[in-house]
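Have a look at the structure below, then the notes.
Please treat every number below as a calculation from the coordinates, not as lab data. For clarity, every value in this text was computed on a predicted model and none was experimentally measured. Here the Cβ is made from the backbone with ideal geometry for all residues, glycine too, and neighbour counts use every protein chain on show.
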């Protein structure tokens, strides 16, 4: 476990020191940064080819957009970000959101610092998917759009700024965040089956919580990550991938017997699973 932390710290330092050499946008930036190559290749067409619905834009203007700030967390390596970020910038411009009220934050794709900013600018924002558009009013979060809009960017945004009922994609994340805030996921005695039952209707794919678990794991929130993976295997008990992820988290925590049991379960589900075979060899 100590070795894992040391490697992680080295990788974070390495990536941070080489941020300027990266082919990706990292840290806070401006729209002008995205208008330069190589990002202009996807930003400019995405911006210029999107036409916001005029009637919705008119309503957004009436909502006094100057009262709101928007933080856009994205990955310049991410297909969803390349599609949605230019469109959102076009919507914000058309609706009259002041440029100074818009923050763009680029995050890493490296697993060592997965979806983190070079100086941990994303800390406390609960970013599991990118892009994530967070709307604030007087420094309080009014709502967020996660990865892609529920209806359209401008319609979703209008609901948020006018206080209408709005639930973003990946509904289970809201409950995960609540459990993180009140310490439930730090409790080693939690019942993952009971927690899974509470969010069963809000999690449609195993990748939803798997992504969340890996974000927590890369942030060194090991106990929380393990419990998210435990919830996920309760939701998807026949998924080799879910047990493989839980086995990895147990290994990071130095819990070898628990890790071994997970990889053995992987092979029961998928006897040809190469990673499970390799990890069991290491655990012998």
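Couple of notes before you dig in:
- Mean separation of Cα contacts under 8 Å, 6 or more apart, over the residue count of the chain: relative contact order %: 14
- The chain: angle of helix 274-283 to the longest principal axis, Cα-based, in degrees nearest 10: 50
- Rounded tilt (10° steps) of 2-17 against the dominant C-alpha axis of the chain: 30
- Computed extension length for residue 148-residue 274: 42.0 nm, one decimal, from 0.36 nm per residue of separation with the Cα-Cα distance subtracted.
- Global geometry of segment 107-166, whether rounded, prolate or oblate, following the gyration tensor of its Cα atoms and the 1.5 cut on a/c: oblate
- Calculated FRET efficiency, residue 177 to residue 119, Cβ-Cβ distance, R0 = 25 Å: about 0.65 to the nearest 0.05.
- Net length gained if the chain between residue 33 and residue 282 were fully extended (0.36 nm per residue, minus Cα distance): 85.1 nm
- 0 to 90° range, to nearest 10: angle between helix 240-252 axis and the chain longest Cα axis: 80
- Calculated FRET efficiency for the pair residue 169/residue 53, C-beta based, R₀ 25 Å, to 0.05: 0.80
- Among (1) 20.2, 69; (2) 19.0, 58; (3) 20.5, 66, the entry that matches Rg and Dmax of the Cα atoms in Å as calculated here: (3)
- Over the chain: helical MRE at 222 nm, DSSP H runs n ≥ 4 each giving -39500 (n - 2.57), nearest 500: -15500 deg cm²/dmol
- Segment residue 41-residue 200, extension gain: residue separation times 0.36 nm, minus the distance between their alpha carbons: 53.2 nm
- Sites residue 258 and residue 141, calculated FRET efficiency, Cβ-Cβ separation with R0 35 Å, nearest 0.05: 0.45
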